[in-house]
């Protein structure tokens, strides 16, 4: 038996490549290039995960996106400490200093919205995450093209980080 190589031709090759690209975009939809930015000021996401598991995944997503976690405020612990009941609530402050510099070098007023922040809390059987989006507050300032690019990038990263808690890594 003679082994012959088949030449699949350009049209078939293009179909294979385009199919692979489409499948890759579906599989990796959590990455920032595939993120749709909401028009409003907030991104809110509910997940059916325990608070502890969602918090772990959220911290991992923040670090994987090359941000530094600056602080985790245990708000519910403090409120319980003064004798009131409240579900689990933590607020995570995080930053990428290069992106921060890109915004601050032309307008120090951006410091009022820094660092990035995601609040995570328990609501019944759901764990909820909420973040204020840079694309929304940037409307209050005149922006250079470089700032606009950074604002969109960071907004997409915040959304991707939160989505990664729901979809996994």
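The values are calculated or read from the model by the stated rules, or taken from the named source; none is laboratory data. The structure displayed is predicted, hence computed values, not measured ones. Because the Cβ atoms are built from the backbone with ideal geometry, glycine has one as well, and the counts that use them run over all protein chains shown.
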The condition of being out of contact with any strand residue (DSSP E or B) (no Cβ under 8 Å at 6 or more places or on another chain), free of Cβ contacts under 8 Å to residues at least 40 places away in the same chain and over 20 Å from residue 151 (Cβ atoms) holds, among 88, 84, only for 84
Can you find even one residue in the range 30-38 that is under 17 Å from the mean Cα position of the chain (by Cα), modelled with pLDDT under 95 and exposed (fewer than 13 other Cβ atoms within 10 Å of the Cβ)?
yes
- [ ] Considering every residue within the range 41-55, establish whether at least one is touching a helix residue (DSSP H, G or I) at 6+ places or on another chain (Cβ under 6 Å), more than 20 Å from residue 136 (Cα to Cα) and buried (at least 18 other Cβ atoms within 10 Å of the Cβ).
- [x] yes
In the set 78, 83, the lone residue that is over 21 Å from residue 41 (Cα atoms) and surrounded by 12 or more Cβ atoms within 10 Å (Cβ to Cβ) is 78
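Conditions tested, residue by residue: (1) exposed (fewer than 14 other Cβ atoms within 10 Å of the Cβ); (2) in a helix (DSSP H, G or I); (3) modelled with pLDDT under 95.
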{"position": "90", "(1), (2), (3)": "no, no, no"}
{"position": "99", "(1), (2), (3)": "no, yes, no"}
{"position": "103", "(1), (2), (3)": "no, yes, yes"}
{"position": "119", "(1), (2), (3)": "no, no, no"}
{"position": "129", "(1), (2), (3)": "no, no, no"}
{"position": "137", "(1), (2), (3)": "no, yes, yes"}
{"position": "157", "(1), (2), (3)": "no, yes, no"}
{"position": "160", "(1), (2), (3)": "no, yes, no"}
